[in-house]
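J.: Provided herewith is a single structure, encoded as structure tokens, for subsequent inquiry.
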Amino acid sequence: MKDEGGNTVGITGTGRDVTEHKGAEAALRESERKYRVLVASAHEAIFIAQDNVVKFPNPKALEMTGYSAEELAGVPFVDLIHPEDRGTVMERYIMRLRGEPPLETYPFRIMKKTGEEIWAQLNAERIDWEGRPGVLCFLRDITKERNLEAQFL
């Protein structure tokens with residue numbers, strides 16, 4: 001506002017308290033940090049199977065397969081499954097994508113980048129990832145247990 005002489009005599013403005021918004025942003029950042037630490041520190045391979053490739057692999061998934069995250073994003077995940085186990089794994093993957101009740105965990109063989117064969121136990125759930133269906137996978141390396149079982153038998 002100006003007076004008759006053109007001098008500023010007042011200012012009109014609006015304000016908004018953003019304290020709650022800033023607090024929510026900080027809480028979200030902290031929550032995301034905690035989940036990143038959990039996934040990165042897990043002793044199981046954790047990843048998303050979507051569009052026939054592996055997305056969002058944790059360090060254990062990279063270690064278990066021998067591939068980098070970039071390589072996994074370019075390799076059909078069915079190529080990581082032992083040829084004799086592909087049919088079963090793909091059938092169950094498709095069932096999960098359709099939203100059918102998940103089957104119990106089950107073992108199958110993985111082919112590492114080096115060609116080495118390892119046994120893994122899969123636990124998986126259908127999720128929405130980046131707006132599309134995917135499967136959240138948890139893999140535990142059970143190669144030692146399978147080898148001990150074979151020796152025992």
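J.: I need every pair where a residue in region 8-25 that is in a loop (DSSP other than H, G, I, E, B) has its Cβ under 9 Å from the Cβ of a residue that is open to solvent by 100 Å² or more (accessible area, probe 1.4 Å), sequence separation at least 6 or different chains.
T.: The qualifying pairs are Val9/Met1; Val9/Lys2; Gly10/Met1; Gly10/Lys2; Ile11/Met1; Thr12/Met1.
J.: Another one. Of these, His82, His43, which one is surrounded by fewer than 11 Cβ atoms within 10 Å (Cβ to Cβ) and in contact with a Lys or Arg (Cβ under 7 Å, 6 or more places away or on another chain)?
T.: Values: His82 fails: surrounded by fewer than 11 Cβ atoms within 10 Å (Cβ to Cβ).
Only one candidate qualifies: His43.
J.: Tally up the residues in region 46-58 that are in contact with an Asp or Glu (Cβ under 9 Å, 6 or more places away or on another chain) and either open to solvent by 70 Å² or more (accessible area, probe 1.4 Å) or among the charged types (D, E, K, R) (or both), please.
T.: Total meeting the criteria: 1.
J.: Conditions: (1) loosely packed, with under 14 Cβ neighbours inside 10 Å; (2) part of a helix (DSSP H, G or I); (3) not hydrophobic (A, V, I, L, M, F, W, C). Pro101 meets all but one. Number of the miss?
T.: Among (1) loosely packed, with under 14 Cβ neighbours inside 10 Å; (2) part of a helix (DSSP H, G or I); (3) not hydrophobic (A, V, I, L, M, F, W, C), Pro101 violates only (2).
J.: In region 85-98, which residue that is open to solvent by 70 Å² or more (accessible area, probe 1.4 Å) and of a type in the set (D, E, K, R) is farthest from Arg126 (Cα to Cα)?
T.: Result: Arg86.
J.: Would you confirm, using the coordinates I've provided, whether Ala49 is touching a residue at least 12 places away in the same chain (Cβ under 8 Å), under 23 Å from Glu149 (Cβ atoms) and of a type in the set (Gly, Ala, Ser)?
T.: Details: touching a residue at least 12 places away in the same chain (Cβ under 8 Å): yes; under 23 Å from Glu149 (Cβ atoms): no; of a type in the set (Gly, Ala, Ser): yes.
Answer is no for this residue.
J.: Something else about it: Considering every residue within region 59-69, establish whether at least one is part of a loop (DSSP other than H, G, I, E, B) and surrounded by 18 or more Cβ atoms within 10 Å (Cβ to Cβ).
T.: yes
J.: Now, a different point. Within region 1-40, count every residue that is open to solvent by less than 80 Å² (accessible area, probe 1.4 Å) and polar (S, T, N, Q).
T.: Qualifying residue count, region 1-40: 1.
J.: A further question on this structure: Answer with yes or no whether Val78 is touching a residue at least 24 places away in the same chain (Cβ under 8 Å), part of a helix (DSSP H, G or I), within 18 Å of the chain's Cα centre (by Cα) and under 27 Å from Arg146 (Cβ atoms).
T.: yes
J.: From Asn123, Asn147, grab the single residue that is assigned to a strand (DSSP E or B) and without any contact (Cβ under 8 Å) to a residue 24 or more places away in the chain.
T.: Result: Asn123 is the single residue among Asn123, Asn147 that is assigned to a strand (DSSP E or B) and without any contact (Cβ under 8 Å) to a residue 24 or more places away in the chain.
J.: Please determine, by comparing only the residues of region 109-138 that are crowded, with 18+ Cβ neighbours inside 10 Å and among the aromatic types (Phe, Trp, Tyr), which one is farthest from the chain's Cα centre (by Cα).
T.: Going through the qualifying residues, I end up with Trp119.
The values are calculated or read from the model by the stated rules, or taken from the named source; none is laboratory data. Values in this document were obtained by computation on a predicted structure and should not be read as measured data. Every residue, glycine as well, gets a Cβ built from its backbone with ideal geometry; the counts of neighbours run over all protein chains shown. Side chains included, ligands, DNA and RNA excluded: accessible areas come from the protein's heavy atoms. Shrake-Rupley method; radii C 1.70, N 1.55, O 1.52, S 1.80 Å.
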